[in-house]
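Undergrad: Have a look at the structure that comes next, please.
Here, each number is a calculation from the coordinates, and none is a lab measurement. On a predicted model such as this, the values are computed, not experimentally measured, just so you know. Glycine also receives a Cβ, built like all others from the backbone with ideal geometry; neighbour counts cover every protein chain displayed.
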Amino acid sequence: MLTKKLLMIPGPTPVPPEVLQALATPMINHRGPEYAELQREVVENCKYVFQTSGDVLVFPSAGTGGLEAAIVNVLSPGDKVLSVSIGAFGDRWAKIARTFGAEVIDCAFEWGEAADPQVVDAALRANPDVKAVLVTHNETSTGVTNDLRAIAEVVRAHGPLLMVDAISSLIATDLQTDAWGCDVVVAGAQKAFMIPPGLAFIAVSQRAWDANANAKMPRFYWDFAPMRKYMERDQTPYTPAVNLLFGLRVSLRAIRAAGLQASFERHARMGRAVRAGAQAMGLKLLADPDHASNSVTAIIAPEGVSVKELRKRMREEHGITTAGGQGKLEERIFRIGHLGYITEPDIIATLAALERVLMELGLPVAPGKAVAVAGEILSGRKQA
Ligand SMILES: *Cc1c(COP(=O)(O)O)cnc(C)c1O
């Protein structure tokens, strides 16, 4: 049977054909001049998407490797860390810090809510010796985006390092590494970068480098210092993921040519369209509306509808893969990813399929209504 597949999950995201082709470029010597030129260009364009003039390190790894690298490079065992967590990925980062001997103070919020900067402020006042604050910019498990700019202001006023998991936000949502004073920002290949999994990107501020000089947590592969030393001559200490960099060169050129602002606006429009479409079907959203994500939308499964069954029908009858819930939200929500190489027709197709599946499951859905509402938003005729 002919099925056109649509991958609507918050990573890995679809990869454009031009990038797929670039991935198949024949291998080159990673110590030769052709490679140096490739690395120089992608690192330069990484700085553009991180909005930084500081260092951006690139490691072959899943995003989680980047989170671990951030911890072990700026902290020593026994250091106090404030974990601002609003979901599964925030909890994971705190667990990594604990694993390496940090003393983690939890500043956790209900899943579905954003972190309140005033609560972060109070936690820092109560713990003046905190060395670093861990924050997830966009919590992929709940579809909530934190007000990172406001949190950064609070953290800067107290002085600790600000470490940001921006794996599912960078390129999709504005994040001004330098202007907001972020010290370590981690991103990952398979989200809005539009390339396959396998690279972690880490922006490092001067303050973070100063901390790195005295950080005692054990590290070898992840050590920032040799990475920076080699990157100064457009190489890496260990073999880089050459093919992923070929792909990355193509995707970053495209992102830069269109402009970051256009990317933020496109993602914001897709987020608004999915949310309005879901609500037009009578569905409820998990995220507090003021902090709903432009990368992923978490939808609460209607009464009596199994998330597994709904996702199975979407996949088997319409070729559309959506994500389930994570951790304690597993059977309560399903998620639609709308970041990276996702286009407006993909959003419309997903909403149309969802309308049909819900109708088949016996829900009172007016066919075409969600699609019409979303279409208005995507066309720019309607704001929300
Ligand atoms: C996807 C994601 C991660 C984990 O990335 P992996 O590549 O699976 O390790 C971490 N944090 C956030 C916010 C994510 O969206």
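Undergrad: For 9, 195, 336, 28, what ranking results if the residue with the fewest other Cβ atoms within 10 Å of its Cβ goes first?
TA: So the residues, fewest neighbours to most, are 28, 9, 336, 195.
Undergrad: When only Cα pairs under 8 Å and 6 or more residues apart are kept, what is the percent relative contact order across segment 259-379?
TA: Values: 171 pairs, mean separation 38.5, N = 121.
In percent, rounded to a whole number, it is 32.
Undergrad: Okay, moving on. I want to make sure I understand the PRE zone here: with the label point 7 angstrom from the Cα of residue 153 toward its beta carbon, which residues in segment 73-94 have backbone N atoms less than 20 Å away?
TA: Backbone N within reach: 84.
Undergrad: If you average the sequence gap of Cα pairs under 8 Å that are 6 or more apart and divide by the length of the chain, what percent do you get for the contact order?
TA: Averaging sequence separation for qualifying contacts and normalising by length gives 23 percent for the chain.
Undergrad: Show the residues, 5+ positions off or on another chain, whose built amide H is closer than 5 Å to the amide H of residue 285.
TA: Long-range HN contacts for residue 285: 300.
Undergrad: Estimate the FRET efficiency between residue 225 and residue 321 by the formula 1/(1 + (r/R0)^6), using the beta-carbon distance for r and 30 Å for R0, to the nearest 0.05.
TA: For R0 = 30 Å, the calculated efficiency reads 0.15.
Undergrad: Restricting to bridges with both residues inside the chain, how much of the DSSP beta-bridge set is antiparallel, in percent to the nearest 5?
TA: 50
Undergrad: Can you tell me how much longer the chain between residue 20 and residue 239 gets when fully stretched, taken as 0.36 nm per residue apart minus their C-alpha distance, in nm with one decimal?
TA: On the way: separation 219, 0.36 × 219 = 78.84 nm, distance 2.11 nm.
Gain on stretching residue 20 to residue 239: 76.7 nm.
Undergrad: Once R0 is set to 35 Å, what does the formula 1/(1 + (r/R0)^6) return for the Cβ-Cβ distance between residue 369 and residue 264, expressed as a FRET efficiency to the nearest 0.05?
TA: That gives a FRET efficiency of 0.80.
Undergrad: Also, I was wondering about something else. Taking the simple approach of a point 7 Å from Cα along Cα-to-Cβ for both residue 288 and residue 330, what is their distance in nm?
TA: 2.8
Undergrad: Rounded to the nearest 0.05, what FRET efficiency do residue 312 and residue 379 have when you use their Cβ-Cβ distance and R0 = 25 Å?
TA: 0.20
Undergrad: Now for a different question. Ordered by residue, what ³J(HN,Hα) values in Hz, to whole numbers, does segment 193-203 give under the Karplus form 6.51 cos²θ - 1.76 cosθ + 1.60, where θ = phi - 60° and Gly and Pro are x?
TA: Values, residue by residue: 6, 6, 10, x, x, x, 10, 10, 10, 9, 7 Hz.
Undergrad: Per 0.36 nm of contour for each residue apart, how much would the distance between residue 44 and residue 279 grow if the chain were fully extended, relative to their Cα-Cα spacing?
TA: 80.5 nm
Undergrad: Once phi is turned into θ = phi - 60°, what whole-Hz ³J(HN,Hα) does the Karplus curve with 6.51, -1.76 and 1.60 give for every residue of segment 106-111, x standing for Gly and Pro?
TA: The phi angles translate into 7, 10, 9, 10, 4, 5 Hz.
Undergrad: Also, quick follow-up: I want to verify the translational diffusion coefficient of segment 17-257 in µm²/s; compute it with Stokes-Einstein, Rh as the Kirkwood radius over Cα pairs, at 20 °C and 1.002 mPa s.
TA: Approximately 119 µm²/s, per Stokes-Einstein.
Undergrad: To continue, here is another question. Mind listing the long-range amide H neighbours of residue 85? Cut-off is under 5 Å, sequence gap 5 or more, other chains count too, H placed in the peptide plane at 1.01 Å from N.
TA: When sequence neighbours closer than 5 places are left aside, the close amide H contacts are 107, 108, 109.
Undergrad: Let me ask something else. For residue 199, what residues show an amide H to amide H distance below 5 Å, using hydrogens built from the backbone and excluding near sequence neighbours?
TA: The list, which skips near neighbours in sequence, is 61, 189, 190.
Undergrad: Let me ask something additional. Within straight cross-link reach of residue 312, meaning Cα distance under 30 Å, which lysines are found once same-chain residues fewer than 8 apart are removed?
TA: List returned: 4, 5, 191, 284, 328, 369.
Undergrad: Could you derive backbone 3J(HN,Hα) for segment 10-18 from the dihedral phi with the Karplus parameters 6.51, -1.76 and 1.60 (θ = phi - 60°), listing whole Hz in sequence and x where the residue is Gly or Pro?
TA: Each residue's phi maps through the Karplus curve to give x, x, x, 9, x, 10, x, x, 5 Hz.
Undergrad: Now for a different question. Please report the spacing between the Cα centers of segment 197-218 and segment 329-368 in Å, no decimals.
TA: 40
Undergrad: On to the next question. Distance from a point 7 Å along Cα→Cβ of residue 361 to each backbone N in segment 286-316: keep the residues under 11 Å and list them by number.
TA: In segment 286-316, the label zone of residue 361 (backbone N under 11 Å from the point 7 Å along Cα→Cβ) covers 299-314.
Undergrad: No solvent, one uniform scatterer per C-alpha: report log10 I(q)/I(0) for segment 294-374 via the Debye equation at q = 0.20, 0.21, 0.26 1/Å, two decimals.
TA: -0.94, -1.04, -1.48
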